[in-house]
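Contents: one structure, followed by commentary.
The values are calculated or read from the model by the stated rules, or taken from the named source; none is laboratory data. The structure presented is a predicted model; accordingly, all values stated were derived computationally and were not measured. Cβ placement follows ideal geometry from the backbone for every residue including glycine, while neighbour counts extend to all protein chains displayed. Please note that ligands, DNA and RNA were not included when accessible areas were found on the heavy atoms of the full protein model with its side chains. Shrake-Rupley method; radii C 1.70, N 1.55, O 1.52, S 1.80 Å.
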Amino acid sequence: MKINFKALGCRLNEAELENWSNEFLLKGHELTNDSDKADLIIFNSCSVTSEADRKSRNLINRIQQANPHSQLVVTGCYATLQQQQVEKKLGVDLVIPNQKKDQLVELVTEKFSITDPSNQSIDQHSLFDRGRHRAFIKVQDGCRYRCTFCIVTVARGEEQSRLQKDIIQDINRQYEQGVQEVVITGVHVGGYGSDIGSNLYELLSEILNKTDIPRIRLASVEPWDLPDNFFDLFKDSRLMPHMHLPLQSGSDSVLRRMARRCKTAEYEAIVEKARDVNPLFNITTDLIVGFPGETDQEWQQSIEFVQKVGFGHMHIFTYSQRQGTKAARLPGQLSKAIKKERSRDMHLIAKKLKTEALQQLVGNTVEVLWESHATHDPTIRVGYTTQYHKIKAKRCSLKGSNISQISVKALDTENLLLVGEE
Ligand code: SF4
């Protein structure tokens, strides 16, 4: 069978896609990036915001109109929260809620009576075929917390950790196939092991001991549930000096209304520990602007705290009411105009902070995983440093792997990326 995979949303959705595509490859099926040619299309949907819902609905319609003859399977958070609605949708042949995602390949094989081809020798690679050199590795699912704005915890359920041996097997298989970097991903990665008597420190120690992959990166990690000695792990240069630590607000009273488990002082302490290990440790974050009841004073507190931390990159989300969340029922919902103004102001601050973070790298020699070429000039290579800063370079000699050292000569302030030269 020719199978096409699509995903919206988080890295966890991407990681799940990689697992399913490898399972189908091992069964002898073929992947295609061209859904027109696909016999089967599997879409991993997202529901993190109402906008994500709209995009998921639109993509289902577009897939159905573009390839009415292919079988269409929809899974993911939108399919879980709106299951009946999706099942009724024209052209959707099978809906698999998040709770059954681990059996997706079996359920699909059974539903469409798929027989596995005899010849197993497929020379495709699910990542490289999609021009990627970094693999997302799912380590856990679900979350025990109830942040008042979050629908993910509703869609993905309680915490479930994968066994360390399965995770290490995944990583070693990716490395054998030429992948140079893995990204450890989940819903609440810091909660890894809570259901199997382990924790994230133990998992990362095992990965560092039992794999040879040169680069291990953490995806988003909530700023709590981290063991005290956590940052000792970063003394190993294979663990990338970069963490995406969602702050959401720089005001403690707003954090309380969000039911976040971390106050600004605790957040600051985590950042200090990271920078004690590596002064160029890159901290990136998510921030919600315009949360219900956010006063001018609370907004000012957010601005001051963000500037104090100095983030390498910020994802800025304008608060939107999400049916099914506590925050949607909170008093003091702000006007569109105020939210728009605060978002504009925070984007300007984020750009200034990113420029300052990148400027610190100029004059340094950095290690880069080269991943692609500039669209406008194929002689220019583009990649990411260990801190996850984007960099371009005219020439960089690669010896067998996509990783090389290069010195940072300048900063492209327009595109906010580093300029390297050998
Ligand atoms: S910790 Fe993260 S996933 Fe869990 S409820 Fe809060 S925002 Fe959602």
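Each residue in the stretch 23-32 was checked for being open to solvent by 10 Å² or more (accessible area, probe 1.4 Å) and in a helix (DSSP H, G or I), and 3 of them qualify. Selection of the stretch 133-189 for residues being open to solvent by 30 Å² or more (accessible area, probe 1.4 Å), touching a helix residue (DSSP H, G or I) at 6+ places or on another chain (Cβ under 9 Å) and among the hydrophobic types (A, V, I, L, M, F, W, C) yields F149, C150, V152, V154, V187. Only a single criterion out of (1) of a type in the set (A, V, I, L, M, F, W, C); (2) part of a loop (DSSP other than H, G, I, E, B); (3) at pLDDT 95 or above is not satisfied by L226, namely (3).
Restricting attention to the stretch 255-288, the residues that are under 22 Å from the mean Cα position of the chain (by Cα), within 16 Å of the ligand (Cβ to nearest atom) and not acidic (D, E) add up to 10. Got at least one residue in the stretch 310-326 being over 27 Å from N415 (Cα atoms), open to solvent by less than 40 Å² (accessible area, probe 1.4 Å) and more than 16 Å from the ligand (Cβ to nearest atom)? No, the conditions are met nowhere in the stretch 310-326. Within the stretch 149-158, at least one residue is among the charged types (D, E, K, R) and within 16 Å of the ligand (Cβ to nearest atom).
Being surrounded by 13 or more Cβ atoms within 10 Å (Cβ to Cβ), in the same structural domain as T285 (by TED's automatic domain parsing) and modelled with pLDDT under 95: is that true of Q301 here? Steps first, answer last, please.
Details: surrounded by 13 or more Cβ atoms within 10 Å (Cβ to Cβ): yes; in the same structural domain as T285 (by TED's automatic domain parsing): yes; modelled with pLDDT under 95: no.
Considered against the rule, which asks whether it is surrounded by 13 or more Cβ atoms within 10 Å (Cβ to Cβ), in the same structural domain as T285 (by TED's automatic domain parsing) and modelled with pLDDT under 95, Q301 comes out as no.
Taking the conditions (1) more than 16 Å from the ligand (Cβ to nearest atom); (2) modelled with pLDDT of 95 or more; (3) touching an Asp or Glu at 6+ places or on another chain (Cβ under 7 Å) in turn, S126 satisfies each one other than (2).
Being away from the ligand (no atom under 15 Å from the Cβ), under 23 Å from the mean Cα position of the chain (by Cα) and open to solvent by 10 Å² or more (accessible area, probe 1.4 Å) is the filter here, so list the residues in the stretch 225-249 that pass it. The answer is P227, F231, L233, F234, D236, S237, R238, P241. Would you call E206 over 27 Å from W370 (Cα atoms), surrounded by 15 or more Cβ atoms within 10 Å (Cβ to Cβ) and not basic (K, R)? No: the conditions fail for E206.
Counting only residues that are open to solvent by 80 Å² or more (accessible area, probe 1.4 Å) and either free of Cβ contacts under 8 Å to residues at least 12 places away in the same chain or assigned to a helix (DSSP H, G or I) (or both), the stretch 33-56 holds 5 of them.
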